[in-house]
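The values are calculated or read from the model by the stated rules, or taken from the named source; none is laboratory data. Note that this is a predicted model, so its numbers are computed, not measured. Cβ atoms come from the backbone with ideal geometry, glycine included; neighbour counts cover every protein chain shown.
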Amino acid sequence: MFFQDKSSERQYYDDLFASRKRFDQFTDDRLYEEVAAAARQATSGTVALDLGCGSGTQAVCLMKQGFAVVSADLSFEATKLCHTKTAGASSMLGVINADAETLPFRDGSIDVCICSLFLHHFSSLETVASELRRIVRPGGVVLATDANAHNPFVWLFFNVMHRVRPLSWLTPNQRALWRSDIADCFGRHGFGDFQFSSFSTELRRDWLGSSLAFSINFHTRQALLGLSQVLLPPLSRGNGLLSTFRRLPGPARTADAAAR
């Protein structure tokens, strides 16, 4: 069973990348650089999969950390841009147009998988977790960044407002994730050593547009994130959730065993 509205996801990002020619939601590349550095600390492996690669910023940061990178995205327009951005890099293994729920990689062929702002696009993580268990080698690592449901303002925006009245600048499946969403599902599929932390990103002022509604959205977001830093515990302070976990040796837990 598949758990992503693939046609709407593909159409949204094909249109976005065709018009903007890059994914420039943030004011700088700090998040991608920090994730790549964390991946380097987490594994001595050399082969990295940049899953949901967008226009290639994460791939470039991974190569700077010494990884040989293969990038994949459901959006054909994204893969074209990623290919252009990484063309000629000796550490770039390839860029492919692929579905994360049916990946064209050999079992155990990936040392580290980066899911950058990606997992929260699935209504259920079961199939993608099964695929990552198959392709990530035992001992290999997954690092994921997602909208953070532990921040009440983010949860309200993604999981309530977007459900009641879908927002045009989000795809239908997008939601904020709890750490339990990731630990429970990926734990059933043979992953462990879960670590979670929050982070905050600075949004580009022109990302959502220039209308009054978008201006109010931008300034409200800034104010609520500032309030979060003062009032909330560490895991709830940021609008983003960073998850790091490792593929364990041995079989995955069965559903019956996981329930016990």
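General remarks:
- In segment 108-128, the residues that are farther than 17 Å from Asp5 by Cα and hydrophobic (A, V, I, L, M, F, W, C): Ile110, Val112, Cys113, Ile114, Cys115
- Some residue of segment 65-82 being under 23 Å from Arg10 (Cα atoms), modelled with pLDDT of 95 or more, in a loop (DSSP other than H, G, I, E, B) and in contact with a Lys or Arg (Cβ under 7 Å, 6 or more places away or on another chain): yes
- Residue in segment 94-106 that is of a type in the set (Gly, Ala, Ser) and farther than 25 Å from Gln195 by Cα present: yes
- Of everything in segment 9-49 that is among the acidic types (Asp, Glu) and buried (at least 16 other Cβ atoms within 10 Å of the Cβ), the residue that is farthest from the chain's Cα centre (by Cα) is Asp14.
- Identity of the residue in segment 65-77, over 15 Å from the mean Cα position of the chain (by Cα) and hydrophobic (A, V, I, L, M, F, W, C), that ends up surrounded by the most Cβ atoms within 10 Å (Cβ to Cβ): Val69
- Among residues of segment 25-36, those that are of a type in the set (A, V, I, L, M, F, W, C) and either farther than 18 Å from Arg246 by Cα or assigned to a loop (DSSP other than H, G, I, E, B) (or both), counted: 2
- Flag for Leu62 being under 27 Å from Gly139 (Cα atoms), modelled with pLDDT of 95 or more, under 15 Å from the mean Cα position of the chain (by Cα) and not in a strand (DSSP E or B): yes
A quick yes/no check of all residues on (1) more than 22 Å from Ser90 (Cβ to Cβ); (2) modelled with pLDDT of 95 or more; (3) not in a helix (DSSP H, G or I):
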position: Ser7; (1), (2), (3): yes, no, no
position: Asp15; (1), (2), (3): yes, no, no
position: Ala18; (1), (2), (3): yes, no, no
position: Phe23; (1), (2), (3): yes, no, yes
position: Ala38; (1), (2), (3): yes, yes, no
position: Ala48; (1), (2), (3): no, yes, yes
position: Cys53; (1), (2), (3): no, yes, yes
position: Gln58; (1), (2), (3): no, yes, no
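- Hits in segment 83-134 (condition: polar (S, T, N, Q) and assigned to a loop (DSSP other than H, G, I, E, B)): Ser90, Ser91, Ser109, Ser123, Ser124
- Total residues in segment 142-175 satisfying the condition of being at pLDDT 95 or above, in a helix (DSSP H, G or I) and of a type in the set (Lys, Arg): the figure is 0.
- The set of residues in segment 142-193 being of a type in the set (S, T, N, Q), buried (at least 17 other Cβ atoms within 10 Å of the Cβ) and under 26 Å from Gln41 (Cα atoms) consists of Thr145, Asn148.
- Contact map, segment 77-100: residues that are in contact (Cβ under 8 Å) with a residue 12 or more places away in the chain paired with residues that are assigned to a strand (DSSP E or B) and not hydrophobic (A, V, I, L, M, F, W, C), Cβ distance under 6 Å, separation 6+ or inter-chain. Pairs shown: Thr79/Asp73; Thr79/Asn97; Cys82/Ser71; Val95/Ser71.
- Filtered residues of segment 190-223 (kept if at pLDDT below 95, polar (S, T, N, Q) and under 19 Å from the mean Cα position of the chain (by Cα)): Ser200, Thr201
- Among the residues making up segment 161-189, those that are of a type outside the set (Gly, Ala, Ser) and under 15 Å from the mean Cα position of the chain (by Cα) are Leu170, Thr171, Asn173, Gln174, Arg175, Leu177, Trp178, Arg179, Asp181, Ile182, Phe186.
Condition check ((1) out of contact with any Asp or Glu (no Cβ under 7 Å at 6 or more places or on another chain); (2) of a type in the set (Ser, Thr, Tyr)) across all residues:
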{"site": "Ala42", "(1), (2)": "yes, no"}
{"site": "Leu62", "(1), (2)": "no, no"}
{"site": "Gln65", "(1), (2)": "yes, no"}
{"site": "Asp73", "(1), (2)": "yes, no"}
{"site": "Thr79", "(1), (2)": "no, yes"}
{"site": "Val95", "(1), (2)": "yes, no"}
{"site": "Ala100", "(1), (2)": "no, no"}
{"site": "Leu103", "(1), (2)": "no, no"}
